[in-house]
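Scroll down for the structure; my scribbles are underneath it.
Readers should treat all values here as calculations from the given coordinates under stated rules, not as data from a laboratory. Bear in mind that the values here come from a model prediction, so they are computed numbers and not experimental data. Positions of Cβ are generated from backbone atoms using ideal geometry, with glycine treated the same way; all protein chains shown enter the neighbour counts.
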Amino acid sequence: MLRLPAASLLLCGVAAQWPTRCPVASSYTNWSETRCPDTMTCSPNGFSAGGGWGCCPWANAVSCPSGFACCPQGTTCELIQGSGYGSVYNCTSASAPTVMSKCPCKPGTPAEPSTTLKNVLVIGDSLTIGYTPALAANLADIALVQHVPWDVSDGGAEESAYFSQCFENWVGRSPSGIAYWPDVIYFNSGMHNLQTSGLPTPGQAGLASSYGLEMTDVMMRMKAYAASSPGGNFTRLIYGLTTPWLNDADTDRIITGTLNAQAANIASSFNIEVVDPHGPIIARCGPAPQQSCFGVSGCFSPHCPGGSPNAYEWLADNVIAPAIRLMLSA
C-alpha cells in the first residue's frame with residue numbers, strides 16, 4: 001500500500017510542496033508542477049517533462065545559454081566544451097574560485113501514487129526508461145510502476161554524479177516536492193560512467209573512476225530514506241546492475257570489471273538486494289563482442305528496443321519483474 005506520513009496527506013494542498021514554482025503551464029496539477037526547494041533555483045532543462053524546467057542545485061543560480069546548465073549566483077557561464085545538452089561551462093567570478101557548471105535536476109514522479117495498488121519506483125538511465133513500460137505491464141495486477149526522473153527522450157538519471165546531485169528531487173518526491181514512500185524502489189546507474197579520461201559532462205556522462213564514491217553516497221542516502229518510512233513499513237530496495245555493451249568487449253569490461261563489480265560490493269555493504277540483468281543477456285546472446293542479439297544488430301549496445309522476442313519485454317518479464325514481484329509479496 002501507499003505509505004505517506006500522516007502530516008503529508010495533503011496531496012492537493014500547498015503545505016507539502018516546495019516553495020518556488022517554476023514557470024510551467026497552468027495545466028499541471030499541484031502534484032506534477034515543477035517546483036524547487038529554497039536551496040535550489042528553477043532553471044531550464046530541455047529534457048525535463050516538467051515544462052522544460054528543472055532545479056539547479058544552488059540558490060539564486062544563473063542559467064547558462066545552452067538551456068541545460070547553470071552556475072552559482074554571482075558567477076558567469078564560460079563555455080569550455082560541447083554545445084546544447086553537451087555543453088560544459090566554467091562558472092567564473094572575480095571573488096570566488098572557478099567551479100564547473102551543473103545540469104538542473106529533472107523532476108520526480110509524474111503521477112500521484114496509487115492508493116489501491118502497491119507502488120514501485122524505477123530510477124535509472126535510458127535502459128530503465130526502455131523496459132519500464134514492459135515492467136509496468138507485467139506488474140499491473142499488483143502495482144503502479146513509475147519511472148523517475150520525469151524525462152523527455154534522454155538518459156534519465158544519467159551518470160552517478162547526477163544521480164547523487166538530484167537525489168532529493170527524485171527519491172520519493174513529486175515534481176512539486178511532495179514526499180512519499182513507495183513499496184519498492186528499483187534503481188540503477190552505470191551506463192553513463194564509461195569515460196576513462198577527459199572532462200565529464202554534467203547531466204550526461206561521468207568518469208568510471210568517480211563511480212564508486214558517488215554510488216556509495218547514493219546507496220547510503222537510499223538506505224536512510226528507506227529507513228525513514230513512516231509506521232515502520234520500510235521501503236524495500238533493489239539495485240539493478242548495468243546491462244552489457246555487447247558489440248565492444250573493451251567497453252563491456254569497464255561495465256563488468258569496474259561499474260558492476262563496485263556496485264555489487266557497495267550494495268552488499270548496505271544490505272541492498274542486487275538483480276543482475278547483465279548475466280542473463282550474456283547467457284542468451286554470448287559474451288562481448290556480439291554484433292546482434294534478439295535478432296537486432298547492435299542490441300544492448302546499449303539499447304535493444306525490438307527483436308524477437310521483444311528484448312525489453314524479455315528482460316522485464318524474466319529478470320526484473322520476478323525480483324520485484326517476490327519482494328512485493330514478502
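Can you give me the pair-distance distribution of the range 127-276, C-alpha pairs, 5 Å bins, whole percents?
P(r) for the range 127-276, in whole percents per bin: 2, 9, 18, 22, 22, 16, 8, 3, 1, 0.
For the range 220-272, what is one quarter of the convex hull surface built on the Cα atoms, given in nm²?
About 3.9 nm², averaged over all directions.
When only alpha-carbon atoms are used, what values of Rg and Dmax, in angstrom, describe the range 233-330?
Spelled out, the Cα radius of gyration and Dmax of the range 233-330 are 14.3, 46 Å.
State log₁₀ I(q)/I(0) for the range 145-233 at q = 0.20, 0.22, 0.23 Å⁻¹ as given by the Debye formula over alpha-carbon point scatterers of equal weight, solvent excluded.
-0.97, -1.12, -1.19
Between the range 308-330 and the range 198-242, what is the C-alpha centre distance in whole Å?
Each part's Cα centre sits 22 Å from the other's.
Determine the calculated [θ] at 222 nm for the chain from helices alone, applying -39500 (n - 2.57) to every DSSP H run no shorter than 4 residues and normalising by the residue count; nearest 500 deg cm²/dmol.
-6500 deg cm²/dmol
By counting other Cβ atoms within 10 Å of each Cβ, how are Thr251, Thr243 ranked from fewest to most?
If I rank by nearby Cβ atoms, fewest first, I get Thr251, Thr243.
List the lysines whose alpha-carbon lies under 21 Å from that of Lys118, not counting same-chain residues fewer than 8 positions away?
Lys223
GNM, the chain, Cα, under 10 Å: largest mean-square fluctuation among Ser114, Ser63, Ser126?
Of the options given, Ser114 has the highest mean-square fluctuation.
If the chain between Val99 and Ile142 were fully stretched, how many nm would it gain, using 0.36 nm times the residue separation less the Cα-Cα distance?
Value of the extension gain: 10.8 nm.
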